[in-house]
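The values are calculated or read from the model by the stated rules, or taken from the named source; none is laboratory data. Nothing here was measured: the structure is a model prediction, and the numbers come from that model. For neighbour counting, all protein chains shown are included, and Cβ atoms are generated from backbone atoms with ideal geometry for every residue, glycine included. Quick note on the areas: whole protein, heavy atoms, side chains included, nothing else; ligands and nucleic acids left out. Shrake-Rupley method; radii C 1.70, N 1.55, O 1.52, S 1.80 Å.
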Amino acid sequence: MNPTIKTIGVKFGAYYGLVSIVYALYAYLFDANIYNQAWTGILFFLLSVGIYMYAVAKVKKEFGGYITFKEAFSTFMVAAVVATAISTVFSMLLFGVIDPQYADLLFENTKEMMYNRLEGANLPEEKVAEILATLDERNPFTVGSLVRNFFFGVAFSAIIGLIVSAAMKKNNPELG
């Protein structure tokens, strides 16, 4: 892998990883319910894509305004994997080592929020109970779920990265 791609990808992945740690610490210290707000998920998705795109643009600039699809995708994915790994490791430490009771609190908040949404949708009680039982089996704050979510996040980033790379590629005509 080209050292420029690796350096810039790691750098911007680390930036977003630090942003995700600050977000998690804010939630931990001030407002645990922020995890259940749809707008924060949308905001952080857009922020991550923006940071990864900026990393691709930075590599493109370093390469004289040209970048192949492979180089763009590699940059995007290095940044995404680094950021996702940082976020996942921090979450594992926070939920599994530092304060496991916090993970329990978050899970209870998530179940309550889900119950309120399902009840508001006028679903039959049996269906609500079934959905909540499924949620109990898939607690997103366990180490296993965090690992699974790491791989899901990387796969989802790859899909977005393919689109971004196709849009940002610009082949050098001198190279054929």
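Some notes on this structure:
- When segment 35-51 is limited to residues that are modelled with pLDDT under 95 and in contact with a helix residue (DSSP H, G or I) (Cβ under 8 Å, 6 or more places away or on another chain), the one that is most open to solvent (accessible area, probe 1.4 Å) turns out to be Tyr35.
- Unmet criterion (only one of (1) closer than 19 Å to Phe152 by Cα; (2) more than 16 Å from the chain's Cα centre (by Cα)) for Ala79: (2)
- Condition check for Ile5: touching a residue at least 40 places away in the same chain (Cβ under 8 Å) and either aromatic (Phe, Trp, Tyr) or open to solvent by less than 50 Å² (accessible area, probe 1.4 Å) (or both): yes
- Residue within segment 52-65 that is aromatic (Phe, Trp, Tyr), in contact with a Leu (Cβ under 7 Å, 6 or more places away or on another chain) and either surrounded by 15 or more Cβ atoms within 10 Å (Cβ to Cβ) or closer than 20 Å to Asp99 by Cβ (or both) present: no
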